[in-house]
1. Which of the peptides 22-35, 5-18 is most tightly packed, and how do the rest follow, judged by the mean count of other Cβ atoms within 10 Å per residue?
2. Does the range 1-40 classify as rounded, prolate or oblate by the C-alpha gyration tensor (a ≥ b ≥ c root eigenvalues; a/c under 1.5 gives rounded; else a/b over b/c gives prolate, otherwise oblate)?
Amino acid sequence: MGKCDYCGENVALPYRCSYCEGIFCSKHRLPEKHNYAELKTAVSPKPYVPKKRKTSKDFIKDTETSFIRKRYANTKKISKGSKKLSISTIFYSLFIGFTILIIVYSNYVEYLENKDLKDFFL
């Protein structure tokens, strides 16, 4: 509850004057009715301009961009040649490399056995 600054009446729904910031009843809510002294020289407050309402196209556009942001949020732009390797990729490459090395070495040992030069190299 509020009290009218002009007549002193208790009001359940008080009005606030946008010029003098006073609280008034429904009879004295306008500046002319509560004898606002500087009414002729007062600058009017900014008019209320409603925000642009979103249409369904705006909603779909926002949803698509937010999906793209969520989808690619953790990805980084990788320039050519600076790609970071994961641990599993490194282990897989090492496994393949050692497998090839074992195969080549075993073939080389068989070659040396056939030439009877095994004792010389090992």
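Rule-based calculations on the coordinates, nothing more; no lab input. Bear in mind that the values here come from a model prediction, so they are computed numbers and not experimental data. Backbone-built Cβ (ideal geometry, glycine too); neighbour counts: all protein chains shown.
1. The most tightly packed comes first, giving 22-35, 5-18.
2. prolate
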